[in-house]
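The values are calculated or read from the model by the stated rules, or taken from the named source; none is laboratory data. Computed from a predicted structure; not experimentally measured. Cβ sites come from the backbone with ideal geometry, for glycine too, and all protein chains shown count toward neighbours.
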């Protein structure tokens with residue numbers, strides 16, 4: 001805050017003036033040493049070099065005086081605001097009885113005090129239990145979302161048995177510590193580390209709707225008439241919304257993808273993530289226009305993969321990803337003895353769903369060369385609008401540590 005506060009004489013800024021002379025003497029000594037080394041002893045030659053040094057420093061000092069008067073002094077708003085706040089203090093009875101918090105005044109001396117969330121770590125006992133089974137808190141909802149890929153969970157604010165098992169899996173696989181199923185400050189730090197690790201990132205733009213009719217008049221399959229498509233990547237302003245159209249992509253999907261990238265690395269898998277092939281599909285998207293599928297209106301992602309550096313389209317590879325990763329690590333539905341020949345991947349209430357091949361609901365035509373996963377079977381209370389985002393910055397507005405510090 002000292003950048004915006006100073007006394008009328010600019011005392012703290014004037015202290016810099018003395019440094020110019022010190023720097024000048026240092027430069028003079030260097031020049032004289034250089035002249036001696038070159039054997040330049042003639043007074044007129046040495047005086048010329050030192051004269052140029054004096055001219056350069058006078059130019060710098062002049063500019064510095066202008067900097068203080070023309071730029072620094074006009075920007076010193078702190079004192080004026082502090083004085084204005086002091087003068088505008090109200091003493092009205094009505095306001096004193098309003099029982100509403102007052103804005104704190106700026107300090108007259110230009111000093112500001114704040115709490116740094118990272119520095120607060122040292123004040124948390126390492127053994128303190130922040131959350132455990134049976135607790136209920138909005139931060140628990142964030143934990144359930146951000147660790148959804150470690151056992152597959154729903155965005156509830158309750159610390160359930162699923163949450164406990166999820167924490168144990170995270171402690172075992174990521175933290176490599178004793179499995180307690182209890183959240184302490186070390187678990188919070190580890191979750192922040194995992195969710196912010198650049199190794200487990202993806203291109204957010206790949207999630208956006210890739211419809212080819214943006215800004216064009218299109219036949220609306222809902223209204224059954226021609227309308228102007230205003231899709232902004234996650235649908236747009238339309239006269240009527242399909243009940244399946246969500247205002248963005250569900251955050252759970254993105255954290256599940258982060259966990260998938262972690263497990264690929266942990267297992268040193270030859271199969272790796274390539275890209276998000278299909279994310280959001282608005283009602284004007286050609287696939288929706290043709291098939292009327294609604295999973296991709298914010299509830300699903302289609303992923304492409306590489307094997308040994310090359311794009312793989314083998315259904316057997318997709319089944320490995322589904323079985324060995326989504327089913328084993330994220331508790332997705334899996335039937336090893338389906339009515340048809342191959343194992344069946346599908347949907348169950350409040351689980352991360354998988355579109356498999358063959359599938360009893362699609363005549364054996366499911367995802368063959370890609371992996372489709374979704375949250376379509378989440379209950380409505382786990383699919384409220386605020387759980388969907390349109391911007392990458394909304395994925396994690398705060399670290400868990402910051403949220404906990406703000407709630408202490």
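Checking the stated criteria, residue 64 turns out not to satisfy the condition of being out of contact with any strand residue (DSSP E or B) (no Cβ under 9 Å at 6 or more places or on another chain), surrounded by 12 or more Cβ atoms within 10 Å (Cβ to Cβ) and modelled with pLDDT under 80. The single residue among 201, 217 that is in contact with a strand residue (DSSP E or B) (Cβ under 8 Å, 6 or more places away or on another chain), over 22 Å from residue 294 (Cβ atoms) and either modelled with pLDDT under 95 or surrounded by fewer than 13 Cβ atoms within 10 Å (Cβ to Cβ) (or both) turns out to be 217.
So how many residues does the range 274-289 have that are farther than 18 Å from residue 368 by Cβ and not in a loop (DSSP other than H, G, I, E, B)?
The first filter runs over the range 274-289 and keeps only residues farther than 18 Å from residue 368 by Cβ, leaving 279-286, 288-289.
Going one step further and asking which of them are not in a loop (DSSP other than H, G, I, E, B), we end up with 286, 288-289.
Counting residues in the range 274-289 that are farther than 18 Å from residue 368 by Cβ and not in a loop (DSSP other than H, G, I, E, B) gives 3.
With respect to the conditions (1) closer than 30 Å to residue 197 by Cβ; (2) modelled with pLDDT under 95; (3) not in a helix (DSSP H, G or I), residue 340 falls short on a single one, namely (1).
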